[in-house]
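Everything below concerns the one structure shown next.
Coordinate-derived values only; no laboratory data. Predicted model, so just to flag it, every value in this text is computed and none were measured. Here the Cβ is made from the backbone with ideal geometry for all residues, glycine too, and neighbour counts use every protein chain on show.
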Amino acid sequence: MPSGGRWLPSKLGRDMDRLTLDDLLSEEDELGLLDVRPLGRPIISEGTRVVQQFEEINVFIDRHDFVPGEGPEGHKASITERQLQMRLKAYRDSPELAEQVRSYDRHSILAAEILLAPKSLDEILDLDDEL
């Protein structure tokens, strides 16, 4: 160390050969620092994912005592609530999704929303809504 207790890296660097990254990685890894296994995500089936996402809506209702997007007047919805509201809309708009989670609907939030698609032109014309 030079006088005055200061270390000067520039002087030290001139006397040593610089190692490249390849040189460093080709050396023996005695401590096993490079033996890293990537973290694997658990494989989740589509059906399990659909149920888990519906359960998030149920948990929201358990905590807040209202359906996402249908809070008390003056309530400002958070981003999470809006996401759950859109997810619930997807469940309500899709009979296939609604059927997958029907047994998990402990708050009966899907019961009144199931609409079957018309099967014929006559059924479409019989609907009371405006085209």
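Counting every other Cβ atom within 10 Å of each residue's Cβ, Thr48, Thr20 order from fewest to most as Thr20, Thr48.
When Rg and the Kirkwood radius Rh are both evaluated on Cα atoms of segment 60-100, their ratio Rg/Rh stands at 1.03.
Normalised by 2.2 N^0.38 Å, where N counts its residues, the alpha-carbon radius of gyration of segment 46-114 equals 1.05.
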